[in-house]
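Below is one structure, written out as structure tokens; comments come after it.
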Amino acid sequence: MTSGITGTLKSRIDKLWEEFWTGGITNPLTVIEQISFLMFARMLDIREGLSEKKAARLGKGKVKMLFGEDQQHLRWSRFKNLPGEKMLGMVRDEVFPHFKTLGNSGSTFSEYMADAQLLIQKPSLLVSAVNMIDALPLEQADTKGDLYEYLLSKLTTAGINGQFRSPRHIIRLMVDLVAPKPTDTVGDPACGTAGFLVAALEYLYRENTSPAGRITRDDDSTIYSGDLLEPYRNHIQKDMFYGFDFDATMLRIACMNLILHGLENPQIHYMDTLSNAMPEKFPSLASNRFDVIVANPPFKGSLDYSDVHPSLTGKVKTKKTELLFVVLMLRMLKMGGRCAVIVPDGVLFGSSTAHRILRKMLVEENQLEAVISLPGGVFKPYAGVSTAIMLFTKGGKTENVWFYDVEADGLSLDDKRQPTEANDLPDVLEKWRKWDGSKGKKNFVDRTAKAFFVSRDAIEAQSFDLSIGRYKEVVHKEIKHEPPKVIIDRMKALELTITRELDELRGMLK
């Protein structure tokens, strides 16, 4: 796990991106999906090569074959040297169909590749893309995840159904706030490109690497080996991370993102988690399963109310997805499970019956721990909606809620989102750790500060309104004005000066 990639690698990705655009494929999601397929093809060949070397070293036949004896021509190392027309035909008509046969062992490969199609129609574009991907260091575990993150950063348009990419620094803050442990099970019911799951995996490596396990690269970035995670490797690989999405393109990109970050068999599933099908298809995951949930679910979009599971609408009768997702997360969490979720500000102060019932449920039946208000420009250029991070634990009861008013996140709050010096996010984390529930109350009594707490009784008195503006106190500076007589005397003196200067100017014109 690392922090950053070199300028040379970035320029290669930039050039690859431009090749697709000039080749007529301009939808950012489609570009990333097609690049993902080709990266996947190369990684299968790399994995097969490692399997062959291991078998040769042990003096055994291949233990796991991704390519049969009559399929060797479908490997990246074979078709990458073909002429354009022949390469296009083989990749489209043989390599892609082969992808769909790889899920027989119970992996998510078949789900991931079920309707995969090569959309590249120009032989020259395919040859160029294959050559560029062949030059990327995908065999280096410490670099390939960062490469893909940089590719995902190019998603600059909002998706349908209220989806838009969560900024990576906001994701990282949320994961830091819930602090997943290597024994936890982590879920995201609307995972998109799996940014939250990747951040949780990176957090584990960062927090579970000994000083000796840290490696500094030539560009001063750090590789976190995660050497202290050895006892938990099997759990991390097979049963720690789960994501769901009902967008097939997102599903494939999420899978590739996790594979490139070191998860061999990502548990990413095609599912509308609000629907009746969720408990039917995934009964063991639909309720009381997760220790940690981190998510930025869709805020709006089409919703078939009749298909929403009654365990959700029975609690909060609404068509608003932002409310139903919070109820869903409470259902999916184990008792004592922790959640960090981004919600639009309307969830905090909406006056409908559904809004009030949800907030009352969070305060009276669970531990609502924090409401962190984010500035309106955080999700630009995708959307200008004002949002907040809610932190809560399933079960128990709320005594006090910690609030933080984030005014700056390290980037300008316009569409350009350029780096700035103003950044409250490190302070959020530092102060959150000082809060530590009611034990830290004495440090946060000043409601004129950015961070303060509000008691449950005070929240109940405000009909469970959770907007920070309801409780933050604003210091009004007293402005002293001069007495009217003084102002009039000054105006008369100024008038005399103007009259005198005009007389002098008239005299000069004679």
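What the table below lists for this structure:
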{"read-out": "Over 18 Å between alpha carbons, listed pairs 15/154; 450/480; 181/334; 53/238; 86/122", "value": "450/480; 53/238"}
{"read-out": "Proxy reagent accessibility, fewest Cβ within 10 Å first, across 475, 316, 401", "value": "475, 316, 401"}
{"read-out": "Which of 192, 136, 462, positive extreme of dipole for the chain (C-beta unit charges)", "value": "462"}
{"read-out": "Scaled radius of gyration (Cα, divided by 2.2 N^0.38 Å) that the stretch 181-257 gives", "value": "1.23"}
{"read-out": "q = 0.13, 0.21, 0.25 Å⁻¹, the stretch 260-324: log10 I(q)/I(0) [Debye, one scatterer per Cα]", "value": "-0.43, -1.03, -1.31"}
{"read-out": "Mean residue ellipticity (222 nm) of the chain, computed from DSSP H runs ≥ 4 via -39,500 (n - 2.57), nearest 500", "value": "-12500 deg cm²/dmol"}
{"read-out": "Cβ-Cβ FRET estimate between residue 11 and residue 100, R0 fixed at 22 Å, reported to 0.05", "value": "0.05"}
{"read-out": "Share of pairwise Cα separations in the stretch 7-150, more than 18 Å, in percent", "value": "59 percent"}
{"read-out": "Debye, to nearest 20: dipole size of the chain, +1 on Lys, Arg Cβ, -1 on Asp, Glu Cβ", "value": "500 debye"}
{"read-out": "Convex hull volume per residue in cubic angstrom - Cα atoms of the stretch 398-510", "value": "248 Å³"}
{"read-out": "Fraction of beta bridges assigned by DSSP in the chain that are antiparallel (%, nearest 5)", "value": "55 percent"}
{"read-out": "Cα-projected label distance for residue 360 with residue 455, points at 7 Å along beta-carbon direction, nm", "value": "2.2 nm"}
{"read-out": "Taking 222, 183 and counting other C-beta atoms within 10 Å, the order from fewest to most", "value": "183, 222"}
{"read-out": "Footprinting exposure proxy for 255, 339 (fewest neighbouring C-beta atoms within 10 Å first)", "value": "339, 255"}
{"read-out": "Under-5 Å amide H pairs with residue 369, H placed in peptide plane, nonlocal only", "value": "391, 392, 393"}
{"read-out": "Full-stretch length increase - residue 473, residue 420 - with 0.36 nm per residue and alpha-carbon distance subtracted", "value": "16.4 nm"}
{"read-out": "Two-site label geometry, residue 307 and residue 92: point separation in nm, points 7 Å out along Cα→Cβ", "value": "3.2 nm"}
{"read-out": "Kirkwood Rh, angstrom, the chain [1 / mean 1/r, Cα pairs]", "value": "25.7 Å"}
{"read-out": "The stretch 7-150 - percent relative contact order, Cα under 8 Å, separation 6 or more", "value": "30 percent"}
{"read-out": "Mean Cα-pair separation over length for the chain, i.e. relative contact order, pairs under 8 Å, 6 or more apart, %", "value": "11 percent"}
{"read-out": "For the stretch 350-373 and the stretch 220-236, distance of Cα centres in Å", "value": "37 Å"}
{"read-out": "Efficiency of FRET from Cβ geometry, residue 220 and residue 412, R₀ 30 Å, rounded to 0.05", "value": "0.70"}
{"read-out": "Highest-first arrangement of 350-357, 208-215, 370-377, where packing means the average Cβ count within 10 Å", "value": "370-377, 350-357, 208-215"}
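The numbers here are math on the coordinates, done by the rules we state, and not lab data. Computed from a prediction, not measured in an experiment: that's the story for all the values here. Every residue, glycine as well, gets a Cβ built from its backbone with ideal geometry; the counts of neighbours run over all protein chains shown.
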